[in-house]
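Structure record follows, encoded as structure tokens.
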Amino acid sequence: MDFDENLLKKMSNKELLQYLKKDNKFIYEASKYAFDILQNERGIIFSDQELADINLVLEEKKKYCSRNNY
């Protein structure tokens, strides 16, 4: 399953943050890319708690995707 990197780059910060919420519908790669855009390209600084929450969401997605061959 693929995602459109260019589409994510055009999204607002608010829209990209939806990719980092618990139980979102997006695949791991899209969520990880949204995080990378926010942090590395747009300079968003997340608190330690926010980073921990985001990492938990990404880890859960990664496990789910690997179990289900996504």
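Straight-line cross-link partners of Lys14 among the lysines, defined as a Cα under 17 Å from its Cα and at least 8 positions apart when in the same chain: Lys22, Lys25, Lys32.
Mean separation of Cα pairs under 8 Å and 6 or more residues apart, divided by the residue count, gives the chain a relative contact order of 35 percent. For the pair Lys25 and Phe3, label points projected 7 Å from Cα toward Cβ lie 1.4 nm apart. Every pair of different Cα atoms in the chain enters the Kirkwood calculation, which places the hydrodynamic radius at 12.3 Å.
Bear in mind these aren't lab numbers, they're just calculated from the coordinates by the rules spelled out. Note that this is a predicted model, so its numbers are computed, not measured. No Cβ is skipped: glycine too gets one built from the backbone with ideal geometry, and neighbour counts run over all protein chains shown.
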